[in-house]
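The values are calculated or read from the model by the stated rules, or taken from the named source; none is laboratory data. This is a predicted model, so every value here is computed, not measured. Cβ sites come from the backbone with ideal geometry, for glycine too, and all protein chains shown count toward neighbours. Side chains included, ligands, DNA and RNA excluded: accessible areas come from the protein's heavy atoms. Shrake-Rupley method; radii C 1.70, N 1.55, O 1.52, S 1.80 Å.
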2 protein chains.
Amino acid sequence: MATRTRRPERREEPLSREGIVEVAIELLDATGEGGLTFRALGERLATGPGAIYWHVANKGELLGAATDAVVAAALAVEPAGSPTSPQDEIRAVALGLFHAIDAHPWLAAQLSTQLSRSPWGSVAPRIFESIGRRVRSLGVPEDSWFTATSVLVHYILGAAGQNAANTAHARTLGPGANRAEFLDAVSSAWEELDPDDYPFTRAVASRLREHDDREQFLAGIDLALTGITAPHPPGEQAPTPPTT
Amino acid sequence: MATRTRRPERREEPLSREGIVEVAIELLDATGEGGLTFRALGERLATGPGAIYWHVANKGELLGAATDAVVAAALAVEPAGSPTSPQDEIRAVALGLFHAIDAHPWLAAQLSTQLSRSPWGSVAPRIFESIGRRVRSLGVPEDSWFTATSVLVHYILGAAGQNAANTAHARTLGPGANRAEFLDAVSSAWEELDPDDYPFTRAVASRLREHDDREQFLAGIDLALTGITAPHPPGEQAPTPPTT
DNA sequence: ACCTGAACACCGTTCAAGT
DNA sequence: ACCTGAACACCGTTCAAGT
């Protein structure tokens, strides 16, 4: 859906909103959030900055459309053949978003913007629905649907954003530098914190060094799932049977 | 700590980094992220844009310093007199951040930037330490310290950001409009989604209308705490006794 | 209907010149 | 040491003019 045709170097076809969004994503991937410019975009599309405004209202809308396209693609790859548990499906959806954010680091900031700035847009319901549907299948009481889905979604986006930043930073450390070297640097910085003020952070610093981001991410998902499916959350009633 | 002296209209004292950061926070609160400008800041400080660069390297550093100051203040208010449980302390710290983000809506985006873009800075360790220390007191196995703290921190920042956006949006809806009216609008938008594609989102839409943000936020914290303190997370060993 | 590109009103940042 | 303010190299956005 995102990889239809190579961008037209000389442009035989007229501009289209779809094509503009596609090139915008390429530009964002290649140059980061600051690299998306109406002038740079115009250059890649062999036109001026003004032409784009015929198809897109402003930069915010363009970023929103790019975000929606990437998220829709990431959430579309779920049809696993064999029947799976809701837990496994939630892990799969979470990993889909994890990889999308890793492949498009600009997505992390964009997603928080979309979720908070325009919850009525298409991005928020898409993610919410994808996770929430499985939460419902988990058999948690209806009272907890919203809370449980919120915890999962916020964790997924936050942790995936963290991971993507690690990947991105590792790249800037040098050509041969990898993620392990970057985590090593952060770990060292944390180990040099004041022992009186930061005992905990110092204690987990070493763990940062050896941790597998994907593994770590899934551990967080499982921890949230444990809370969601626990007999009854503190101060709440016992769960009702599944409603599927 | 943030409200020392009113800004010097004619400036008797020389510029100071501390004073600049203080006025930057005022400007951010009053005009939002887009309103913080070296020119606007210079005007409030009765100077030109160039003068600020003597005390602050660039805009990023200024935003980082503003974020750190607000977060430090929010986390400093924890000395509850009576002895409390780690759970209560985590709730208190979470609420402190919740209110700080509500009072300074620009903080939400800034915090994700700080956490992912500069984990070696002061903001990330501050938050991590404040939550992590209590997680440790909960008696969870050391293996889970990092995961548990991550889940809590990501949820807190994500959900608090969401809440702050609701507050901010409600304000723009009109002078008399309140948060309930805004949530009502989002709720209505969700109820008009396609029933085949968005059954879950439609189902929880009504719940959005009646929900108390603070209550909702704390319910998420409790859900995470349930997962963290559950007998043993799936695929992990049994917890070890507390290490405090 | 769609595109062009100059022009406008901004930015962050630099830097010679001042005190 | 610290400040001033003009200047530079950008932005997003608009809009008369073209096809």
### Answer residue from the range A:120-146, given it is under 19 Å from the mean Cα position of the chain (by Cα) and at the interface with another protein chain (Cβ under 7 Å from one of its Cβ atoms) and is most open to solvent (accessible area, probe 1.4 Å) among those
A:TRP120
### Task
Given the conditions (1) farther than 20 Å from A:HIS99 by Cβ; (2) small (Gly, Ala, Ser); (3) in contact with a helix residue (DSSP H, G or I) (Cβ under 9 Å, 6 or more places away or on another chain), report the number of the one that A:ALA66 does not fulfil.
(1)
### Query
For the range B:33-119, list the helices (runs of 4 or more DSSP H) that sit wholly inside it and hold at least 2 residues that are under 10 Å from the mean Cα position of the chain (by Cα); which are they?
B:59-76, B:86-103, B:106-117
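Out of all the residues in the range B:34-51, which are surrounded by fewer than 13 Cβ atoms within 10 Å (Cβ to Cβ) and either within 22 Å of B:ILE101 (Cβ to Cβ) or more than 8 Å from DNA strand C (Cβ to nearest atom) (or both)? Full working, then the answer.
Residues of the range B:34-51 surrounded by fewer than 13 Cβ atoms within 10 Å (Cβ to Cβ): B:34, B:39, B:48, B:50.
B:GLY34, the sole residue that qualifies.
This table checks each residue for (1) within 13 Å of chain A (Cβ to nearest Cβ); (2) within 16 Å of DNA strand D (Cβ to nearest atom).
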site	(1), (2)
B:LEU41	no, yes
B:LEU45	no, yes
B:GLY48	no, yes
B:LYS59	yes, yes
B:ALA66	no, no
B:PRO83	no, no
B:ASP88	yes, no
### Query
Is it the case that the range A:111-130 has a residue that's of a type in the set (Phe, Trp, Tyr) and farther than 19 Å from A:LEU28 by Cβ?
yes
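Given the structure, is A:ALA2 at pLDDT below 95, open to solvent by 50 Å² or more (accessible area, probe 1.4 Å) and under 30 Å from B:ASN166 (Cβ atoms)? Let's see the steps before the verdict.
Working: at pLDDT below 95: yes; open to solvent by 50 Å² or more (accessible area, probe 1.4 Å): yes; under 30 Å from B:ASN166 (Cβ atoms): no.
No, not satisfied.
Select, from A:THR149, A:THR84, the only residue that is β-branched (Val, Ile, Thr) and surrounded by fewer than 20 Cβ atoms within 10 Å (Cβ to Cβ). Show your work before the answer.
Working: A:THR149 fails: surrounded by fewer than 20 Cβ atoms within 10 Å (Cβ to Cβ).
Going through A:THR149, A:THR84 in turn, just one is β-branched (Val, Ile, Thr) and surrounded by fewer than 20 Cβ atoms within 10 Å (Cβ to Cβ): A:THR84.
Touching a residue at least 60 places away in the same chain (Cβ under 8 Å), among the aliphatic types (A, V, I, L, M) and either part of a loop (DSSP other than H, G, I, E, B) or closer than 30 Å to B:LEU218 by Cβ (or both): is that true of A:LEU225 in this structure? Break it down stepwise before answering.
Working: touching a residue at least 60 places away in the same chain (Cβ under 8 Å): yes; among the aliphatic types (A, V, I, L, M): yes; either part of a loop (DSSP other than H, G, I, E, B) or closer than 30 Å to B:LEU218 by Cβ (or both): yes.
Taking the combined requirement at face value, the residue satisfies it.
Yes/no matrix, rows are residues, columns are (1) over 30 Å from A:GLN162 (Cβ atoms); (2) open to solvent by less than 30 Å² (accessible area, probe 1.4 Å); (3) more than 23 Å from the chain's Cα centre (by Cα):
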position: B:GLY158; (1), (2), (3): no, yes, no
position: B:GLN162; (1), (2), (3): no, no, no
position: B:ASN166; (1), (2), (3): no, yes, no
position: B:ALA177; (1), (2), (3): yes, yes, yes
position: B:ASP194; (1), (2), (3): yes, no, yes
position: B:ARG202; (1), (2), (3): yes, no, yes
position: B:LEU208; (1), (2), (3): no, yes, no
position: B:GLN216; (1), (2), (3): no, no, no
#### Entry: Cβ pairs under 8 Å, 6+ apart, first in the range B:175-188 and more than 19 Å from A:ALA124 (Cβ to Cβ), second modelled with pLDDT under 90 and outside any helix (DSSP H, G or I)
none
